[in-house]
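Inspection log for the structure reproduced underneath, given as structure tokens.
Every number in this text was worked out from the coordinates using simple rules, so none of it is lab data. Remember, predicted model here, so these are calculated numbers, not experimental data. Glycine gets a Cβ as well: all are built from the backbone with ideal geometry, and neighbour counts include every protein chain shown.
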Amino acid sequence: MTARDLVIAVHGSAVPEAGATTARLADAVRALTGAPVAVGHLDHQTPSLPHVLADRPGAAVVPLLLGDGYHRTVDIPAVARAFDCAVTRGLSGEHAVALALYDRLRDAERVAGGAADAVVVAGAGSSRPGGTDGTLAAVRQLGLLLPVPVTVAYCSASAPAPAEAVALLRARGFRRVAVATHLLAPGRFTRALAAVPGTWAVAAPIADHARVARLVAARYAEAGAEGAAKIPLRVACQRETLPL
């Protein structure tokens, strides 16, 4: 039997690097699942999600979103219904996301020359109830992994802003304030974070991290990918832990 199509629904960005990042994710998911994988965009980039789903009716749609705001709860399901597609859960609150943030943060600290003494987790922000739950979960989970204070900030729609959060930590005496980027791909938000004054290190976004690829593959498996290659539990569904 032919494997069910897997469509990764992404927000999209006008920044060229965003497409390359999601392409790397799609390649990794394709290798994990053996499924036909395509990327559909909600804004800024092509092909659009409706265009991709029109060619793949009945596909499994995985929202590549770190929060359950408007896109996850309203517009992606509306588009998917029109093409008889199943929509999986997003990535909000998953432990694998926090571990990917941890890895990216450590990478940025190594480049900066040492560990941070405080961390700001910067998410996109949302005005929708529950839309920031994913970022808040990442703050809690990362706080359990790090021996330093971890606080939250939002790039839009919510407060505090990243510059404000960094300034508050520096006013409390912290001098190595790092930003853990709770964002998936390069875009205007990541560019704004790179320009925040007073930061010790700013981590890269996480869409092309191996843990995110395994999480997307697990979502596909949950969707009941009839006829798709079986995903080994040790690859897609194991409890993520930090290496000793």
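Rounded to the nearest 500, the helix-only mean residue ellipticity at 222 nm of the chain stands at -11500 deg cm²/dmol, with each DSSP H run of n ≥ 4 adding -39,500 (n - 2.57).
Projecting the Cα atoms of LEU99, VAL74, VAL148 onto the charge dipole of the chain (Cβ charges, centred on the Cα centre) puts VAL148 farthest toward the positive pole. Would you please state the base-10 log of I(q)/I(0) at q = 0.10, 0.23, 0.25 1/Å for the stretch 70-170, with intensities from the Debye formula using one equal scatterer on every alpha carbon? So the normalised log intensities work out to -0.35, -1.24, -1.36. Which percent of the Cα-Cα distances in the stretch 1-144 go past 28 Å? Cα-Cα pairs in the stretch 1-144 separated by more than 28 Å: 24 percent. For a test of the definition: using alpha carbon positions, the gyration tensor, and the 1.5 limit on a/c, classify the stretch 16-98 as rounded, prolate or oblate. The shape class here is rounded.
When Rg and the Kirkwood Rh are both derived from Cα coordinates, the Rg/Rh ratio for the chain amounts to 0.98.
Sequentially through the stretch 151-160, phi angles give Karplus couplings (6.51, -1.76, 1.60; θ = phi - 60°) of 10, 10, 8, 9, 7, 7, 6, 9, 10, x Hz, Gly and Pro residues having no value and appearing as x. Charged neighbours of VAL37, selected by a Cβ distance under 15 Å, balance to +2 (K, R count +1; D, E count -1).
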